[in-house]
Structure formats: structure tokens, C-alpha cells
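Report on the structure given below.
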There are 2 protein chains.
Amino acid sequence: MSSHTRRAAGSGPGSPRISRRKFLAGAAAAAVVAPVRARPAPLPHGPYDVIVVGAGLAGLTAARRLAAAGASVVVLEARDRVGGRVLNESIGNGKIVEAGAQFVGPTQTRILALAAEVGVETFKTYNDGNSLLYYQGALTPYPATGFPDVPPADLNEALTVLLTVLDPLAAQVDLHQPWASAGVDLQALDGQTAETWKLAHFQTPGARFLFDVIFEAVIGCEPRETSFLHWLFYIHSAGGILPLVTTAGGAQDSRFVGGSQLIPLRVAADLGGRIQLGRPVRRILQDGSGVAVETDRHRAFKAGRVIVALPPAMAGRIAYDPILPALRDQLTQRMPMGWYAKVEAVYPTPFWRSDGLSGQVVSDTGPVRTTFDNTPPDGTPGVLMGFIAADDGRVWSQLSAPERRNAALGSFARYFGAAALAPIQYVEKDWTAEEWSRGDPVGLMPPGVLTQYGPALRPPVGRIHWAGTETAEMWTGYMDGAVRSGERVADEVQAGG
Amino acid sequence: MSSHTRRAAGSGPGSPRISRRKFLAGAAAAAVVAPVRARPAPLPHGPYDVIVVGAGLAGLTAARRLAAAGASVVVLEARDRVGGRVLNESIGNGKIVEAGAQFVGPTQTRILALAAEVGVETFKTYNDGNSLLYYQGALTPYPATGFPDVPPADLNEALTVLLTVLDPLAAQVDLHQPWASAGVDLQALDGQTAETWKLAHFQTPGARFLFDVIFEAVIGCEPRETSFLHWLFYIHSAGGILPLVTTAGGAQDSRFVGGSQLIPLRVAADLGGRIQLGRPVRRILQDGSGVAVETDRHRAFKAGRVIVALPPAMAGRIAYDPILPALRDQLTQRMPMGWYAKVEAVYPTPFWRSDGLSGQVVSDTGPVRTTFDNTPPDGTPGVLMGFIAADDGRVWSQLSAPERRNAALGSFARYFGAAALAPIQYVEKDWTAEEWSRGDPVGLMPPGVLTQYGPALRPPVGRIHWAGTETAEMWTGYMDGAVRSGERVADEVQAGG
């Protein structure tokens, strides 16, 4: 049974119907996501109750919630697929690798709930045996459940500062209104880069190295590219530095059976004809009576409200009529996407496991500085996945395709031996080269942005509402944050903005 | 005689003609800007040799130079006027105030040359008597040719650090390839905000205050918003900190008779029908045979090459097919516009002059922290001009129109007395609210951008060339830089890219 037919069971004429009047008044049923119901379809171009721009997890979650509450919804997606920065790529035999977001952790409860609703299960990220540290030319194993084996004094400094200075400071940043956090010197924290803070608070090369590698792997930038305050917010949003960086029990704890994109694919299947692919939104017009959303085709889509479920940098590329308030417009100028690529090499088996290796690496040498064992849950084929981010990414992306492959496999071989040089398949995804993402995993905030422009992240502008993981209070930057933002914006729309 | 007919003297059938073949081979005549010649017009939508996007000084300069070399050119401008961030506003009786860029200094030789070519003269900025410092609640006069009278130890520190530390460091930043400057620690300089550097190098409140007020007035941001390396580049690009900030002999030395917009207006008159107003460019397509440039109307304009003469943030809002290389695309995500407004109050006479005041103020209290006497050259009416920038601007812009006026006039009155509260006219321009600028005076570079993305500022992408003051090596951010960029890009196009 396809995911579509399997999920269609709750639909049909027998399902309860909620009138548009009831929806617009904020139906009580909205709080509970019921199976998506059939209702008479509006004309193809509307008017709809709500248009959602972007069929990533944020947009799909919002559309699902609104449709369940009885609203008429259409989702306009520029790509020919759903999922945004969540993407399965087939490696044959019904197996996939994930080219985008993939991990899930125990406190990421909203993506876990959504996955459960659409019948997508999880399994543990492979985390047995030893991980590897490649540092100053030497390869050192360390228990996968432990910390990279930099010199003891360096590790001591790293953990002391991260856990007793950084974490408590991050905990003081208000998740709802970071720009109004009490008890911290906001101007000082937002006036410096994370690099400046690093240099002031870590003296050992090993501690500084760990700080850098966390940055690159977690948000696709170097510490110099972001405000230290935004980094604090990011840490608090994840519940602390350990939840952010650890595998077992942290943000990398588990993966989704069938691949993370199975979630948006199933949500989209439920939404059926409400999803319109290949419809890049070029302009959004609003007046007192509603919104008109223009794509490349001649006829605009009409609705009462529109949800823009894109990262700010992409939302800023839509034309707005009337133009957006300056604070909101400049926000879209000031949240660039990170630079992030994933490479995956497929082997007949996960050969490193027999060497007692977890497949996880932390390295001071690029282009791949962080790896994971991305083998499917049944154990074959073996898949090594690596992140190429920030400075490494900017160099690697400009290589030719054969050079990129050689560089990526060369990194794998440095950690796992010559066997890594001969995969049966190689898959790469450079998200900066994707027209409808232009970067990954998340929009960054350079210094001064969070305090001055943070207040423009979420509030609607008239009939235009904003979603996307960048707007999330918890697990911003993650699939979980995207889902949370979709839920929040759906509630906001139902409450009348 | 209108500027158009006056300038048309060099045109006509008798002028020498340069064939397209000769143009495309890089005509020798290109180095000298001759009067713009008539040549058979292409069909309205081309094909042209070159399409220029944006009729600011950069685009107009490029178009003028190319047309003079015999190229067929069309300039597509989104607004219903030319000049971009250069704009005269009438105050009646044939007098104007300048809502955008207005000052010119002696080393800004390319804008001066262009002004001379189109017959626009200069006059000295009023700089007689005393300027005023408003600091910590007190108003203190100081000679207009001197330095603000902060406490002596503070001024001593300010000048010592600015002139003996900052200036020499700035001079080490390579103007052609700042990201490859020798002898400086690029990563350290680009890894910190100018705020971080300020706090480390200035200990007195007065010195820190002067550093801030320079930032706000010069580039429309707080020191926390930019990379220190970009600030060093900006200083070197202007020839040093004193050329940047001083009136007599510096960047504020002179003004243009008739207003700065007279220059683009006259250049545009010379170009005549080559300027197409009200044509926002939405998409640029290129292939091996040429470019197609789409506006809101159905038919695309065709050409061999296109020059995008917009700041990066605005260039990033055009769709490109094929998409731009990631480094170039991300550059457009990472150079936000400053936040900048100008307010001008018109009085029957420049009453402050009789009090021995220059009309210039430096203040620690907003919203107006910097003022100038913007009186026309004949001495009437009296005009006070003030800048409202960065943090002040973000607050002020969100006020109602009467509140904005009251706040601006309240600042003027704080410095010049109650007479300033009752102007006969009040003019304001908030550039962040302008659809086709969305900020002013220049695109900023947060930390990490110049070293990593600077190399993508100027090189053409296939048939697409980039101009705008942000691409200039000298006087970037100024009208002079815009003209230089237009000259550079015209030469680049003629040389075949």
C-alpha cells in the first residue's frame, strides 16, 4: 500500500466537516490535528483560506494543521518535490541516503510526534565502538560515547568552559524574546562574534579546535560568521551544548526508518491536491480583502492569508506589495544561509564496524571534518556520511565534480583506510547550489541582528505570516524547529493573526 | 536651454560612428568618453550590445561610457526617476535639498570629472565659525576646522589611536584584493566586529563615543554590525580616517550647485531614449548567445551582456537562470544595506550663522546625532540637515510621521535653540523604506564576508557584470565609488569580460 492510499483511510465523505465560518472564528478542533478531511475544493486559484509558500516541514505542518481544522489550503512549492532541506536519495534496492536533515533526538518531540502520526519509525544512530579523532596529523580512537581525545588539558578546558560558562550563559537567553533577555549584557553578547568569545575564553588549541568543529558541523559556518548571542540562543534552543552535539541521547540520537523525507512525503500525500509543485512564488500582494500570490504563471492564487514558510534569506527574494516594513525587510538581508554540503559513500558493507569503529569522526582537516555511519537499519549497504561546511565548503564547492569526489573520499580514507576510496556509489549534495535553498542548514545571525532585528522574525505583516525553523524557539535550525514553527503559525492564523 | 538640448550638441549624424564589431573587439576610443552619439536604435527590446540594470550613478556612468564607444545600450530602471540613492527634492523657488548622497571631496576625482563633463559645479560646504558637541547633556562649541571638544584625555586617545594605530593598519589592507592583503592577520581582523576592536583599543568614553558617531554617520551602522576588516578597507578606500570624516578637505568638503542629482539627470538626458524607467528587472537569463532580461512586462530585453549596477542585496533579489555560483549568491545574502535617513528643516534664513555656528553638530543623543548646514549656495533659505542612522534609525523609522518630525526637530532645537522647532518646510527621506534601495548608504560586510566572499564582488558571471559603489576600490560607499565602478565595468565589458 502506498503511503498515500494507506493514509487516505481517515478521509472521505464520512469525515466531520468544519465550515469556513467556523475555521475563521478559530475552531476549537484546531488544537487537535485530526486526519485531513475532504471538503469541496476551491477553484484551482482560490480563493483559499490560506496559501502556504514552501512545502518543507514548516509549511507542510502548517497546511496539515489548518486543513485538519477545516480550512481550505493550497501549498505552493517551487521545487518539483516536497521536503525542502529534507531529501531522500535512492541508492537502489529500495534503500536511501538522506541528502539533507536526518537526525532526531529525544527532546525533539514535535517532529517525533509528526513522524508517529504519519507512521514513520525511528532507529538508533550507529554509535558502537570507537569514534576517531584526527588531530594534528594523528588518528586517535575514543569511545563513541565519550569525548574526542584531544590532550587532557585541552579537553579539560573545553568541557569546563562549555559546561560551566557557556551553557549557564546560554540558559539566561530568553527563548521567546532573546532580544529582551534579563540579566545578561545583550549589547556585549551581540556585539561580538563567537570567534571573539572563543579566543577570549579558550586558551588551548584543542579546546579552540573543538569549538570550531562544533560550529561547522552544527550550523554550517565558522565562529567568526555569527553573533555570539545568536549562538547562545541556538544552544539554549536545543536545551544545552550536550544535547546539541552528542549522538546517544542528543540531537544525533536516532534516524528515521525509510529516511527523514518520508515524513514530508506522507504529510504531502495526505494533503493530496492541495500541494502544487513547480510554483515558485514571485510576488505577494495584500490589501484589506485578502492576498494574491503570483507565481511564474499568469493567474495569481487568492486567499485570506498567506504563510511564508521559507528561511528569511529566501523570503526576501519574493516581491511584496505593499513593500514590507523596513525592519522585516532588513532582517531578510541579514540572515544568510550557512554553507553546508553532505557527502555519502556507499560500500557493500559497513566495513569499519568490524574494526570496532562507530563511523564517527571529528577532524581538524577537511574537507570532511565530521562523519557518521549512515548505514540503513538492516545493516546493508554500508554508508559513510560526511559534512563539508563553511570555509571547507566554500573551497570544495568550487572544485570540479571529480575533484569534489576525490576530496571527499580522500577524507574518508584518511579516517577509515584505503577501502574507503572505492565505494560502489557516491552521493553528494551541496545545498548552496540548490536554487530554492542557497545554503543550509539554517539562516545565520551576524552580530547585531538578534537584538535589533529579532523582533521582526515572527510577527505577521498584515495577512502575511512567517514560519520556518529560523522562527522556532525550541530546536531552531532542526526539523523539530520547523515543525514547531508550522504549528505555531497555524495557530496564529487560526487566531486571526 | 535645458540640460538635454544643451548637451545634444555633440550628437547627430555628423558624429563618428563605431560599428558593433569594433565595439565588441574593444574599441580604442573607449578610453576617452566622447559626447554620446546617435546611432540607429535597436528595436525597443533589442538586441542591444549591453543592458544596464539600474540608473544610479554606477549604471549611468557605464552606459555613458559604452554609448560613447559606439555600443547600443539600454538602461532599465525600476524607479520612475534616475539617480538611485542620489535625489534632489524641491523646496520651491527653484531650490532643492538633497535627500541622498550629496557631499564631494577633493580626492573624489571621478565624480568631480563626471560633474565637470555635464556642467555641474561645486561649492564649499558651509564650515565657518563653531561646530557643536552635544555630549553627556552639555553643548560645547569647537572650531569647525577642529575636533569635537570631548575631555582632553579622551580626544587625545581618540586621535592617537585613530591616526597612529587605525590608519596605518588600514593602509595595509590591499584595495584591489583586500582578502589577500599581505602583512596583516586577515582572519583576526575579519573575525571580529569593529565594536570588539573599539572596546579593546579605546578605554575612554569620549573616544568610544567618537568612534561610534563616525560609524553611524559614515556607513549607517553600529560598529557591532560590521567586520573590523571591512572598516579598515573602507578607511583605506577613502585615503584615511581624516579624509573620511572631515569637512574642509575631506569627503564633506563641497556640494554640487543645483544638487547632486543634477549629475545623473544630465547624464540621463544625454542618454535620452536609452533610459527606460519603471522597469524593475525580475529575471536575467543567459546562454552562449546572449542575455534576456525580464521585467514585469511580457517581452524580455535582449543583449550580448548585462551590467547589474545595484548593491549586492538588491542584485540578490533578481532571479538568475542559470542560477549564480554559490559564492556570488551567498555574497548577496551577506551584504545588508545600512540603516540611514536624512532629515532637513528649511528656515527663512540660516539663523545659526549669525550666532557664529557652522551648523555642524556631533552628538551622543539621537535621533539626529550629526548635522550640517545644507543651505543653498546663495544663502537662502536656511537648511539644517541631519543624519538618523543605525540604532536610532530603527527606532525613529517606526514612529508615526508627526512623531518622526517632532523627534527630528527636537534634535535640531537641542543644538540650535527653539527657533529650530518652526521650520517653514520639513523634508525627510528614510532610505530603508525605499523599495529599490531598502537601506543606505552602502552595503555592509559583517565579519567573515570580506575574506571569504570578497573575491565574488567584481568578477563577471558569464555575461553578467557587476557594478555599484560596493565594488569600488577607491571611495567605496560614495558617489565617487559608484562612478569608478561604472567606468571599471564599462571597460570590462568592452574588453570582452
FRET efficiency, residue B:351 to residue B:277 (Cβ-Cβ, R0 45 Å, nearest 0.05): 0.70
Under-5 Å amide H pairs with residue B:52, H placed in peptide plane, nonlocal only: B:74, B:75, B:76, B:307
Backbone HN-Hα couplings from phi across the range A:42-51 [Karplus 6.51/-1.76/1.60, Hz, Gly and Pro as x]: x, 4, x, 9, x, x, 9, 5, 9, 9
The range A:150-245, relative contact order [Cα under 8 Å, separation at least 6], %: 40 percent
Karplus-derived HN-Hα couplings along the range B:219-228 (A = 6.51, B = -1.76, C = 1.60, θ = phi - 60°), whole Hz, x at Gly and Pro: 10, x, 8, 8, x, 5, 8, 10, 5, 5
Listed residue (B:249, B:469, B:389) projecting farthest to the positive dipole end of chain B, Cβ model: B:469
Residue closest to axis [chain A; rotation mapping onto B; Cβ; Å]: A:446, 2
For the range A:306-359, convex hull volume per residue from C-alpha positions, Å³: 148 Å³
Of every Cα-Cα pair in the range A:150-245, the percent that sits beyond 18 Å: 41 percent
Share antiparallel - DSSP beta bridges, chain A, percent rounded to 5: 70 percent
Cut-off of 10 Å, at most 14 other beta carbons, DSSP loop: longest stretch of chain A lacking such trypsin sites (Lys or Arg not before Pro): A:18-296
Amide proton proximity set for residue A:122, modelled H, under 5 Å, gap of 5+: A:257
Ascending list, in nanometres, of distances separating the residue B:322 label from those of the other copies (7 Å, Cα toward Cβ): 4.2
Nearby aspartates and glutamates by direct alpha-carbon distance to residue B:302 (threshold 12 angstrom, same-chain neighbours under 8 apart not counted): B:49, B:287, B:294
At R0 = 30 Å, FRET efficiency that the Cβ-Cβ distance of residue A:257 and residue A:80 yields, to 0.05: 0.75
Karplus-derived HN-Hα couplings along the range B:386-396 (A = 6.51, B = -1.76, C = 1.60, θ = phi - 60°), whole Hz, x at Gly and Pro: x, 9, 10, 9, 6, 3, 4, x, 5, 7, 4
Contact order normalised by residue count of the range B:186-303, Cα under 8 Å, 6+ apart, percent: 15 percent
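Quick check on the protein assembly as shown: of the DSSP beta bridges with both residues there, what percent are antiparallel, nearest 5%?
Around 70 percent of the beta bridges assigned by DSSP in the protein assembly as shown are antiparallel ones.
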Taking B:474, B:337, A:385 and counting other C-beta atoms within 10 Å, the order from fewest to most: B:474, A:385, B:337
Computed helical MRE - 222 nm, the protein assembly as shown, DSSP H runs ≥ 4 contributing -39500 (n - 2.57), nearest 500: -8500 deg cm²/dmol
Once the Cα gyration tensor of chain B is diagonalised, semi-axes √(5λ) in Å: 38, 27, 20
Span from the the range A:184-230 Cα centroid across to the the range A:453-482 one, whole angstrom: 23 Å
Ranking of A:179, A:231 by count of other Cβ atoms within 10 Å, fewest first: A:179, A:231
Cα-based Kirkwood hydrodynamic radius, the range A:389-440, one decimal, Å: 12.0 Å
Distances in nm from residue B:278 to the matching label points in the other copies, shortest first (labels 7 Å along Cα to Cβ): 3.4
Kirkwood Rh and Cα Rg combined as Rg/Rh, the range A:220-350: 1.04
Separation of alpha-carbon centers, the range B:261-281 and the range A:376-426, rounded to whole Å: 52 Å
Taking chain B and dividing mean pair separation by its residue count, relative contact order in percent (alpha carbons under 8 Å, at least six apart): 23 percent
The protein assembly as shown pair-distance distribution - Cα-Cα, 10 Å bins, rounded %: 2, 11, 20, 23, 20, 14, 7, 2, 0, 0
Fewest-first sequence of A:225, A:195 by Cβ atoms within 10 Å of each Cβ: A:195, A:225
Magnitude of the charge dipole, the range B:151-245, Cβ model with Lys/Arg +1 and Asp/Glu -1, debye to 20: 80 debye
Qualifying lysines (Cα of each under 28 Å from Cα of residue A:124; at least 8 residues distant if same chain): A:95, A:342, A:429
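Just so you know, all these numbers are worked out from the coordinates, no wet-lab data involved. Only a predicted model underlies this, so the values are computations on that prediction, with no experimental measurement involved. Neighbour counts run over all protein chains shown; Cβ positions are idealised from the backbone, glycine included.
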